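As structure tokens, the structure follows; a few thoughts come after it.
The values are calculated or read from the model by the stated rules, or taken from the named source; none is laboratory data. As the structure is a prediction and not an experimental result, all values here were calculated from the model. Using ideal geometry, Cβ is built from the backbone for each residue, glycine included, and neighbour counts are taken over all protein chains shown.
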Amino acid sequence: MSRLILSLPLSLMAVQTMAQDYPVTVQSCDRSVTFDAAPERAVSNDVNLTEMMLVLGLTDRMVGFTGINGWNKLDDEMRAGVAELPELAERYPSREVLIGAEADFYFAGWNYGMRVGGEVTPETLAPFGIAVYELSESCTHIMDKPKASLDDMYADILNLGQIFGVPDRAEALVAGWRDEIEAITADVEPGAGPRVFVYDSGEDTPFTAGRYAMPTALIEAAGGTNIMDDFEKSWATVGWEDVIARDPEVIVIVNYGDVTAEQKRDFMRSNPAFADIAAVRNDDFVTLEYVAATPGPRNIEAVRTLAAAFADAAGTP
């Protein structure tokens, strides 16, 4: 078992696994999906979804993962966790890749390994015996749902626990995370923190997180307000004019890909158009790794990081 799993709030080694009665039915976006038995040849897409599988101890039920090395660099914990698994595709897998792996389960999301109208969807995979569970945060792309919440991530862990017959592990993890969040935010006054802009990427137009993306939930848990909370999108582009007008007091940089967090920070610091933004003027930047800014186990530490950064920003003259 990797250090990643053992370093989480509760040691899963101490949790006794209860037998799971099948069939089980879980809600996946706007679908009810029934499993007559636990999947045996699962594939997960993206680093954050793969990490959900790892913390539940499901690598022995996996035949591989997809969508990581095309965008992300694995840290030591993740590299150890997936060491015995092949990456079947560096970016989004084709239907043929999943069929060729003889997968019976695909854990992905909309814009996390699947595209609306694309060749890989729950409907296109069903004829090949590949069941799909969709990342809850991503459901906004195909249905109406409330703004992003940590409950989205908790629901995914609990549903995966049901699907794979390890509900006790899932419940223990979620209970531990809830306790951690309560402790982290005990002294946080909701909405009293800074105005925050999430800078994912892009120079001509910035790619950012709207009300349906996980950073909004992380920022709010830490006491801040996403300046794009009224942006009825998940992840999308906005205009720099809006960012300047809304004058964020803290800028959260999502670190991944070829452009480093430091390069993104330098771009904002060196552009005269941003000189009057409070966060730039006071150098109040905080970096979140992609795996922490998207739904997954590291969301808990992300809230801790943001709460500390917001407290520091409050002390800026």
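Out of Phe107, Phe35, I need the residue that is touching a Leu at 6+ places or on another chain (Cβ under 6 Å) and under 18 Å from Ile157 (Cα atoms). Which one? Step through it out loud before you land on a result.
Values: Phe35 fails: touching a Leu at 6+ places or on another chain (Cβ under 6 Å).
Within the list Phe107, Phe35, the selection yields Phe107.
So, in region 173-194, of the ones that are within 17 Å of Leu306 (Cα to Cα) and touching a residue at least 60 places away in the same chain (Cβ under 8 Å), which residue ends up surrounded by the most Cβ atoms within 10 Å (Cβ to Cβ)?
Kept after step one, since they are within 17 Å of Leu306 (Cα to Cα), are these residues of region 173-194: 177-178, 180-194.
If we keep only those that are touching a residue at least 60 places away in the same chain (Cβ under 8 Å) as well, we get 177, 180-181, 184-185, 188, 193-194.
Numbers: Trp177: 21, Glu180: 16, Ile181: 19, Ile184: 19, Thr185: 17, Val188: 20, Gly193: 23, Pro194: 25.
Filtering region 173-194 for residues that are within 17 Å of Leu306 (Cα to Cα) and touching a residue at least 60 places away in the same chain (Cβ under 8 Å), the one surrounded by the most Cβ atoms within 10 Å (Cβ to Cβ) comes out as Pro194.
Residues that are under 19 Å from the mean Cα position of the chain (by Cα): find the helices (runs of 4 or more DSSP H) completely inside region 96-194 holding 3 or more of those. Working first, answer last.
On the way: elements: 122-125, 150-163, 167-184.
Answer list for region 96-194: 150-163, 167-184.
Quick check on my filter: what residues within region 199-228 are in a loop (DSSP other than H, G, I, E, B) and either at pLDDT below 95 or aliphatic (A, V, I, L, M) (or both)?
Just the residues of region 199-228 that are in a loop (DSSP other than H, G, I, E, B), to begin with: 200, 202-206, 210-213, 222-224, 227-228.
Of everything in region 199-228, those that are in a loop (DSSP other than H, G, I, E, B) and either at pLDDT below 95 or aliphatic (A, V, I, L, M) (or both) turn out to be Ala213, Ala222, Ile227, Met228.
Considering only residues of region 94-129 that are among the aliphatic types (A, V, I, L, M) and touching a Lys or Arg at 6+ places or on another chain (Cβ under 9 Å), which is nearest to Tyr290 (Cα to Cα)? Quick ask: steps written out before the conclusion?
Residues of region 94-129 among the aliphatic types (A, V, I, L, M): 97-99, 101, 103, 108, 114, 116, 120, 125-126.
Within this subset, residues satisfying the condition of being touching a Lys or Arg at 6+ places or on another chain (Cβ under 9 Å) are 101, 103, 120, 125.
Working: Ala101: 27, Ala103: 26, Val120: 23, Leu125: 28 Å.
Within region 94-129, the match that is nearest to Tyr290 (Cα to Cα) is Val120.
Has region 262-284 got any residue that is touching a His at 6+ places or on another chain (Cβ under 8 Å) and not assigned by TED's automatic domain parsing to the domain that holds Gly109?
So in region 262-284, the residues touching a His at 6+ places or on another chain (Cβ under 8 Å) come out as none.
The answer is no, given that none of the residues of region 262-284 is touching a His at 6+ places or on another chain (Cβ under 8 Å) and not assigned by TED's automatic domain parsing to the domain that holds Gly109.
Within region 255-297, how many residues turn out to be more than 30 Å from Gly176 (Cα to Cα), of a type outside the set (D, E, K, R) and crowded, with 17+ Cβ neighbours inside 10 Å?
Quick first cut of region 255-297, residues more than 30 Å from Gly176 (Cα to Cα) only: 257-284.
Going one step further and asking which of them are of a type outside the set (D, E, K, R), we end up with 257, 259-261, 263, 267-268, 270-275, 277-280, 282.
Imposing the further condition that a residue be crowded, with 17+ Cβ neighbours inside 10 Å reduces the set to 261, 268, 274, 277, 279-280.
Number of matching residues: 6.
What's the number of the condition Gly223 fails, among (1) without any contact (Cβ under 8 Å) to a residue 60 or more places away in the chain; (2) surrounded by fewer than 24 Cβ atoms within 10 Å (Cβ to Cβ)?
Looking at each condition in turn, Gly223 falls short on (1).
Can you tell me how many residues within region 232-258 are more than 19 Å from the chain's Cα centre (by Cα) and modelled with pLDDT under 95?
1
Any chance you could count how many residues in region 238-252 are buried (at least 22 other Cβ atoms within 10 Å of the Cβ) and either assigned to a strand (DSSP E or B) or of a type in the set (A, V, I, L, M) (or both)?
Step one: of region 238-252, the residues buried (at least 22 other Cβ atoms within 10 Å of the Cβ) are 243, 248-252.
Filter once more, so that each one left must be either assigned to a strand (DSSP E or B) or of a type in the set (A, V, I, L, M) (or both): 243, 250-252.
Counting residues in region 238-252 that are buried (at least 22 other Cβ atoms within 10 Å of the Cβ) and either assigned to a strand (DSSP E or B) or of a type in the set (A, V, I, L, M) (or both) gives 4.
Can you name the number of the only condition in (1) in the same structural domain as Leu288 (by TED's automatic domain parsing); (2) surrounded by 22 or more Cβ atoms within 10 Å (Cβ to Cβ); (3) within 18 Å of Arg298 (Cα to Cα) that Ala170 fails?
(1)
Output the residues belonging to region 38-67 that are under 23 Å from Asn255 (Cβ atoms), in contact with a strand residue (DSSP E or B) (Cβ under 6 Å, 6 or more places away or on another chain) and either without any contact (Cβ under 8 Å) to a residue 60 or more places away in the chain or not in a helix (DSSP H, G or I) (or both). Walk me through it before giving the result.
Of region 38-67, the ones under 23 Å from Asn255 (Cβ atoms) are 44-55, 65-67.
Adding the requirement that they be in contact with a strand residue (DSSP E or B) (Cβ under 6 Å, 6 or more places away or on another chain) leaves 44-46, 49-50, 53, 65-67.
Ser44, Asn45, Asp46, Thr50, Phe65, Thr66, Gly67, listed by residue number.
Looking at the structure I just gave you, is Val303 under 21 Å from Ala192 (Cβ atoms) and within 16 Å of the chain's Cα centre (by Cα)? If you could, list the steps in order and put the result at the bottom.
Values: under 21 Å from Ala192 (Cβ atoms): yes; within 16 Å of the chain's Cα centre (by Cα): yes.
Against the criterion (under 21 Å from Ala192 (Cβ atoms) and within 16 Å of the chain's Cα centre (by Cα)), Val303 qualifies.
Would you please list the contacts, defined by Cβ atoms under 8 Å and residues six or more apart or on different chains, that run from a residue in region 268-291 that is basic (Lys, Arg) to a residue that is surrounded by fewer than 20 Cβ atoms within 10 Å (Cβ to Cβ)?
Taking only residues 6 or more apart or on different chains, the pairs are Arg269/Asp283; Arg281/Ala275.
Is it the case that Asp200 is in the same structural domain as Ala309 (by TED's automatic domain parsing) and of a type in the set (D, E, K, R)? Give the steps one after another, and end with the answer.
Values: in the same structural domain as Ala309 (by TED's automatic domain parsing): yes; of a type in the set (D, E, K, R): yes.
The answer is yes for Asp200.
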